[in-house]
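Novice: Handing you this structure, nothing more for now.
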Amino acid sequence: MKHADTGRPAAPDGLVVVDKPAGWTSHDVVGRMRRLAGTRRVGHAGTLDPMATGVLVLGVEKATRLLGHLALSRKVYEATIRLGQATVTDDAEGEVTAAVPAGHLDDATILAAIGPLTGEIMQVPSSVSAIKINGVRSYARVRSGDEVKLAARPVTVYRFDVHEIRHDKAELRDRSVIDPGVIGSGATDSDAIDLDVASDVTDLEVTDLEVTMECSSGTYIRALARDLGAALGVGGHLTALRRTSVGPYSLTQAHTLDQFAHCVERGEPLPVLSLAVAAAAAFPRYDVGDEQAKSIAHGGFLPSPGLGEGPIAVFGPDGAFLALVEERGGRAKPIAVFV
């Protein structure tokens, strides 16, 4: 089917998995996809920091009603952590607030410090986050000069795997942040930086980690970098972040914005995960016959399938995705109907 006014393929119903480019906000990506799909009905299932790249799940047309029900509780990231510098944002986009040489850290010491940051932990989110405090985003308060202290919250880090540890040097132009005593207790007087008085640039010994993390929704990877640096007494921040999967959706299903644009230029439909494919990947499946399919299409109840808590995807005899239901009192009650 095509738009009557433009002749372009009509906006599809389904999920779009975008490989988000660096420097784009999630809202930027939604805006771009609205223009490409020719519809305002586009939303995202959770944000991704502007610095980060990788998997961002969008819903188009009817699939926007699916987004709030998706159980995207597990996420996987590839990241680079720099030890030796703390920043105001806990990532490379913020100003360096403290610097401590980190070249003395050996692999065993680093790995030992990662242990307490895995499993079920209490994490204080980055102050430069989207969490609201009395209706105002935390990052907005920080930018206006407010001191923000967020409460710790439970998160789960299922994996914190280190693939590479590199010792390097980083240029440091603001010497006022050099103070081996400001971060934790891991630095000593012997870690003093050799300043070149003839230059405005100081070489700082840093240690970079290439890691993979699998964590629960609500976990801040920036905060893990910050807390690892603090535990080692040298400060830490995130220099690169790429999300490789969100729930059942991964980079293998993702396309770049340029690839979506090329489809539009050639008059081809946008590559989407249909409602049926997206629902089957995210929810337990309940197949019904003709009579039950007619009932659920009109908001009727179904016999309980005994599949447990949470949304259940109902499919008709022809394989079409019909609705999401929840089991209550021995019956399956529709919470969203898609036919």
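Novice: Could you run the Karplus curve 6.51 cos²θ - 1.76 cosθ + 1.60 with θ = phi - 60° over region 310-318 and give me ³J(HN,Hα) per residue in whole Hz, x for Gly and Pro?
Specialist: With coefficients 6.51, -1.76 and 1.60, one gets x, x, 10, 8, 9, 10, x, x, 8 Hz.
Novice: Quick one: Karplus J couplings for region 81-86, per residue in order, coefficients 6.51, -1.76, 1.60, θ = phi - 60°, nearest Hz, x for Gly and Pro?
Specialist: So the Karplus estimates, Gly and Pro as x, are 10, 9, 9, x, 9, 9 Hz.
Novice: While we're on this one: Which order do the peptides 106-119, 22-35, 321-334 come out in when sorted by mean C-beta neighbours inside 10 angstrom, highest first? Walk me through the numbers on the way to the answer.
Specialist: Details: 106-119: 13.6, 22-35: 15.8, 321-334: 18.7.
Descending mean neighbour count gives 321-334, 22-35, 106-119.
Novice: Okay, moving on. Mind checking the full-extension length gain between SER73 and THR212? Use 0.36 nm per residue of separation minus the Cα-Cα distance, one decimal, nm. Don't skip to the answer; put the middle values down first.
Specialist: Working: separation 139, 0.36 × 139 = 50.04 nm, distance 1.68 nm.
Between SER73 and THR212, full extension yields 48.4 nm more.
Novice: Continuing with this model, one more query. List the residues whose amide H sits under 5 Å from the amide H of LEU48, counting only those 5 or more places along or on another chain, with H placed 1.01 Å from N in the peptide plane.
Specialist: For LEU48, whose amide H was placed from the backbone, the distant partners under 5 Å are SER26.
Novice: Could you sort the peptides 286-295, 242-251 by per-residue average Cβ neighbour count (10 Å cutoff), highest mean leading?
Specialist: On the way: 286-295: 15.5, 242-251: 19.1.
Going by the mean number of other Cβ atoms within 10 Å, highest first, we get 242-251, 286-295.
Novice: Okay, next question. Could you work out how much longer the chain between ARG166 and ALA108 gets when fully extended? Use 0.36 nm per residue separation minus the Cα distance between them, nm to one decimal. Walk me through the intermediate numbers first.
Specialist: Working: separation 58, 0.36 × 58 = 20.88 nm, distance 1.35 nm.
Additional length available on full extension: 19.5 nm.
Novice: Let me ask you something else. Quick check: the distance between the Cα centres of region 55-101 and region 218-270, to the nearest angstrom?
Specialist: Here the two parts' Cα centres lie 7 Å apart.
Novice: Cα-Cα over 32 Å: which of LYS75/LYS149; LYS62/LYS149; LYS75/LYS294; LYS20/LYS169?
Specialist: Working: LYS75/LYS149 25 Å; LYS62/LYS149 39 Å; LYS75/LYS294 37 Å; LYS20/LYS169 30 Å.
Flagged as over cut-off: LYS62/LYS149; LYS75/LYS294.
Values quoted throughout were computed directly from the atomic coordinates according to the rules given, and no laboratory measurement underlies them. Owing to the predicted nature of the structure, the values given are computational and were not obtained by experimental measurement. Note that we place each Cβ from the backbone using ideal geometry, even for glycine, and neighbour counts take in every protein chain shown.
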